[in-house]
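Taking it in order: structure first as structure tokens, then the write-up.
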Amino acid sequence: MSLTANTLVGLRKLVASRWRELALGTLSIVLFVCAWYVASWYLQETSSGLTPYVPSPRAVGEALWKSGSFLPGLDRYTMWDLMESSLTRVVLGFFVALVLAFPLGMFMGSSRIAEHMGKPLVEMFRPIPPLAWVPVFLLAFRAFWGPVAIVFLGAFFPILLNVMFGVKNVDPTLVDAARTLGAKKGNIFVKVVVPSVVPYLMTGVKIGLGVAWMCIVAAEYTGLSGGAGLGYYVMLSGTGSQYSYMYATMIVIGVLSILTAGVAGLLEQRFYKWSGMK
Amino acid sequence: MQTQQIVLAVVVAAILVVAGVAAVILLREEGPAEEKIVYYTTMAPSLMDSWLAENQTSAYIAWEPYASSSVVAGTGRVLMYSSEIMPQHPCCVVLAYDPFVEEDLGGGVTGQVLTLRFLKAHIDATEWVLDALADKDGANYTLLVDMAVQFTQRSSAVVEEAFDHVTYGYQMDAEFNDALEQFTQMYVDSGLVTNESLVNLGYANASVFVDDYVDESYLVAAEAIAPSPTILNPSDPIRLGYLAGDLHQIAQVVALNESAFGGTSIFEDYGLNVDALDPFLNGNAEMLGFKMGQVDIGYLGAPPAINKRVNDLTDTTIVAQANSEGSSLIVSVNSDVNSLEDLVGETVSTPGELSIQHLLLKIALNREGIAFVKG
């Protein structure tokens with residue numbers, strides 16, 4: 001069967017098996033849009049001072065459509081350009097976070113000394129909002145990598161902590177069984193600990209991706225090079241009172257966050273199937 | 001074996017992703033080869049001189065004292081003053097919140113009365129500043145520099161250099177309105193203000209809007225105001241908005257100062273209780289303060305006032321000018337940049353697309369046939 005046919009069959013199976021979930025999800029979005037419409041209509045009817053800040057769903061939809069070819073206040077850019085720039089930063093920042101956080105989490109989870117030394121630093125830096133680091137990172141890492149570093153910071157801690165948690169929660173029975181069968185420390189680590197950590201890693205990946213997208217506004221709001229992105233335009237359109245375009249851009253950020261998390265989820269399922277874990 | 005395959009798969013995937021992203025960056029299409037483009041990045045003025053010193057940008061445009069700070073530090077030099085782009089261009093204005101002006105505080109005291117007295121104090125303070133600047137050997141000049149140093153947190157050398165490039169004034173004439181109309185039209189051209197939003201407000205075009213938004217009648221009436229022996233609003237202070245460290249707004253600093261004028265401020269001389277709020281970081285933040293009803297009268301740049309009046313329906317009126325000119329395009333002291341043409345292909349910092357500095361630089365570049373695009 002061709003790839004397209006396989007994909008269509010897969011999608012049909014997905015819809016058939018999860019139709020209730022999809023229906024309820026769609027219903028909640030429809031209800032939200034209806035409530036939004038009523039709110040904007042009410043504000044307009046009562047000539048409320050809040051009217052400009054709550055454009056109607058239709059106005060946001062029109063802005064979303066027009067943004068494909070024009071963005072108020074940002075000459076020569078379209079929504080596609082913003083998506084390209086932001087995706088670049090999120091993907092780069094996320095992958096650097098993954099490459100660093102995974103081995104560090106494995107190390108801190110399996111070594112008491114590493115955990116005791118690392119945990120105070122983690123707990124100290126984790127709650128600091130990425131926005132606070134923007135001036136420092138932009139000067140330290142320059143205009144292109146500074147925003148990437150902000151995204152990295154957002155994604156790093158969820159992956160690190162979940163991997164650490166995963167290592168510490170490896171079933172001791174499995175470790176004992178492997179040891180009994182003559183496995184050395186290295187083998188136990190590679191053949192028992194690592195596969196057991198993968199579900200926790202994937203949880204950290206999905207959370208990290210979400211946080212990475214949340215950081216994109218902070219990451220892009222000032223002084224960057226490599227093109228204006230979605231976060232930059234959220235700030236600019238809000239500052240310029242183009243609220244329809246601001247909400248349209250926020251919707252795009254949300255959709256991209258869902259899609260990237262969805263890709264991570266699909267890869268996770270493929271991995272489990274391939275490794276025989278499910 | 002299975003684990004090795006997992007690790008290999010992850011490494012290959014990571015390499016492919018990084019390579020793909022690098023390819024996108026390196027192969028990104030540029031504009032037509034013959035087009036001249038200057039790129040910009042936006043940031044707070046307080047960061048601009050360090051970025052210039054680090055060679056992350058080739059120039060920056062900012063208001064005083066941020067322009068003079070790098071000149072005095074010896075790291076920057078002026079490529080162009082804003083006065084060269086648009087002589088006598090308006091910059092900061094005095095803005096009144098319409099619901100405040102219409103308020104009746106009782107006892108014959110209204111918001112309008114307080115606004116007129118405020119403007120009279122602004123006129124006196126501005127004329128004091130102009131007199132002080134005209135006599136740099138006089139005691140008042142030393143006093144003015146001290147006030148400015150305290151307000152801006154910059155050295156006296158920076159402040160004195162900055163004063164040479166700012167023009168203080170309060171009057172609004174036809175050129176003032178024409179310039180604001182040009183800024184409004186630039187907003188319309190870029191989509192930040194739409195003709196539809198102007199029409200919804202009842203204005204056929206930018207010119208009609210500006211003629212209504214700027215009200216000279218307050219200044220005319222304020223000229224006749226006499227000092228008052230008593231404070232007219234002892235329990236309802238005028239909530240004064242202004243921007244942090246903005247030397248353009250020195251008139252309100254002078255008007256608030258008590259020690260320089262024998263123990264009472266100029267505001268108090270005119271019977272006013274004025275409460276200077278915590279400074280705002282930029283004009284947009286101050287306009288939000290107006291919108292929320294937290295600011296009665298404020299000093300800020302004209303462009304954000306225009307944008308928020310039209311888009312956010314913030315009920316305000318421009319009642320006086322605070323200054324004109326007073327911004328500069330700064331390049332590194334050692335750079336080869338000697339003209340706008342030399343900036344083609346380079347990156348310039350601006351305070352943001354809505355700022356007057358950004359609009360002025362765009363005007364200057366467009367005049368030379370150079371496009372101004374976000375980098």
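The values are calculated or read from the model by the stated rules, or taken from the named source; none is laboratory data. A quick note: this is a predicted structure, and the numbers were derived from the prediction, not measured. Quick reminder, even Gly has a Cβ in these numbers, built from the backbone with ideal geometry, and neighbours come from all protein chains shown.
Looking for whichever is of a type outside the set (D, E, K, R) and under 20 Å from residue B:313 (Cβ atoms) here; the options are A:39, A:35, A:5. Which one fits?
Values: A:35 fails: under 20 Å from residue B:313 (Cβ atoms); A:5 fails: under 20 Å from residue B:313 (Cβ atoms).
None of the other options fit; the residue is A:39.
Tell me, which helices (runs of 4 or more DSSP H) wholly within the stretch B:153-236 include 1 or more residues that are within 14 Å of another protein chain (Cβ to nearest Cβ) and surrounded by 13 or more Cβ atoms within 10 Å (Cβ to Cβ)?
Values: elements: B:156-163, B:174-190, B:195-200, B:206-213, B:217-222.
Of the helices (runs of 4 or more DSSP H) lying wholly inside the stretch B:153-236, those with at least 1 residues that are within 14 Å of another protein chain (Cβ to nearest Cβ) and surrounded by 13 or more Cβ atoms within 10 Å (Cβ to Cβ) span B:174-190, B:195-200.
Only residues that are of a type in the set (A, V, I, L, M) and either closer than 23 Å to residue B:122 by Cα or free of Cβ contacts under 8 Å to residues at least 12 places away in the same chain (or both): list them for the stretch B:64-105, please. Walk me through it before giving the result.
Residues of the stretch B:64-105 that are of a type in the set (A, V, I, L, M), as a first pass: B:67, B:71-73, B:78-80, B:85-86, B:93-96, B:101, B:105.
Answer for the stretch B:64-105, where residues must be of a type in the set (A, V, I, L, M) and either closer than 23 Å to residue B:122 by Cα or free of Cβ contacts under 8 Å to residues at least 12 places away in the same chain (or both): B:93, B:94, B:95, B:96, B:101, B:105.
Which residue out of B:42, B:75, B:57 is over 22 Å from the mean Cα position of the chain (by Cα) and either within 16 Å of residue B:329 (Cα to Cα) or buried (at least 23 other Cβ atoms within 10 Å of the Cβ) (or both)? Don't jump to the end; show me each part of the working.
On the way: B:42 fails: over 22 Å from the mean Cα position of the chain (by Cα); B:57 fails: over 22 Å from the mean Cα position of the chain (by Cα).
Every option except B:75 fails the conditions.
From the list A:167, A:148, pick out the single residue that is in a helix (DSSP H, G or I), at pLDDT 85 or above, farther than 25 Å from residue A:214 by Cβ and among the aliphatic types (A, V, I, L, M). Give the steps one after another, and end with the answer.
Details: A:148 fails: farther than 25 Å from residue A:214 by Cβ.
Within the list A:167, A:148, the selection yields A:167.
Among the candidates B:305, B:320, which residue alone is outside any strand (DSSP E or B), more than 10 Å from chain A (Cβ to nearest Cβ) and in contact with a Phe, Trp or Tyr (Cβ under 9 Å, 6 or more places away or on another chain)?
Working: B:320 fails: outside any strand (DSSP E or B).
Of the residues listed, the single one that is outside any strand (DSSP E or B), more than 10 Å from chain A (Cβ to nearest Cβ) and in contact with a Phe, Trp or Tyr (Cβ under 9 Å, 6 or more places away or on another chain) is B:305.
Looking at (1) under 30 Å from residue B:183 (Cβ atoms); (2) assigned by TED's automatic domain parsing to the domain that holds residue B:313; (3) touching a residue at least 60 places away in the same chain (Cβ under 8 Å), which one does residue B:233 not meet, given that it meets all the others?
Result: residue B:233 passes all but (1).
Can you name the condition, by its number, that residue B:360 falls short on among (1) closer than 28 Å to residue B:143 by Cα; (2) out of contact with any Asp or Glu (no Cβ under 9 Å at 6 or more places or on another chain)?
(1)
Does residue A:114 qualify as being more than 10 Å from chain B (Cβ to nearest Cβ) and surrounded by 15 or more Cβ atoms within 10 Å (Cβ to Cβ)?
Details: more than 10 Å from chain B (Cβ to nearest Cβ): yes; surrounded by 15 or more Cβ atoms within 10 Å (Cβ to Cβ): yes.
The answer is yes for residue A:114.
Residue by residue through the stretch A:68-90, note down the ones that are without any contact (Cβ under 8 Å) to a residue 60 or more places away in the chain and either part of a helix (DSSP H, G or I) or closer than 26 Å to residue A:204 by Cβ (or both).
To start, the set of residues in the stretch A:68-90 that are without any contact (Cβ under 8 Å) to a residue 60 or more places away in the chain comprises A:68-70, A:75-76, A:78, A:80.
Within the stretch A:68-90, A:80 is the sole residue that qualifies.
Taking the condition out of contact with any Phe, Trp or Tyr (no Cβ under 8 Å at 6 or more places or on another chain), part of a helix (DSSP H, G or I), crowded, with 16+ Cβ neighbours inside 10 Å and within 11 Å of another protein chain (Cβ to nearest Cβ), does residue A:158 pass?
No: the conditions fail for residue A:158.
Residue pairs, Cβ under 7 Å, 6 or more apart or interchain, first in the stretch A:203-226 and at positive phi, second in a loop (DSSP other than H, G, I, E, B) and at pLDDT 75 or above. List them.
These pairs meet every condition: A:223/B:43.
Is it the case that residue A:201 is part of a helix (DSSP H, G or I) and more than 17 Å from residue A:89 (Cα to Cα)? Reasoning before the result, please.
Numbers: part of a helix (DSSP H, G or I): yes; more than 17 Å from residue A:89 (Cα to Cα): yes.
Against the criterion (part of a helix (DSSP H, G or I) and more than 17 Å from residue A:89 (Cα to Cα)), residue A:201 qualifies.
Out of the residues in the stretch A:63-77 that are surrounded by fewer than 16 Cβ atoms within 10 Å (Cβ to Cβ) and more than 12 Å from chain B (Cβ to nearest Cβ), which is farthest from residue B:352 (Cα to Cα)?
Among them, the one singled out is A:65.
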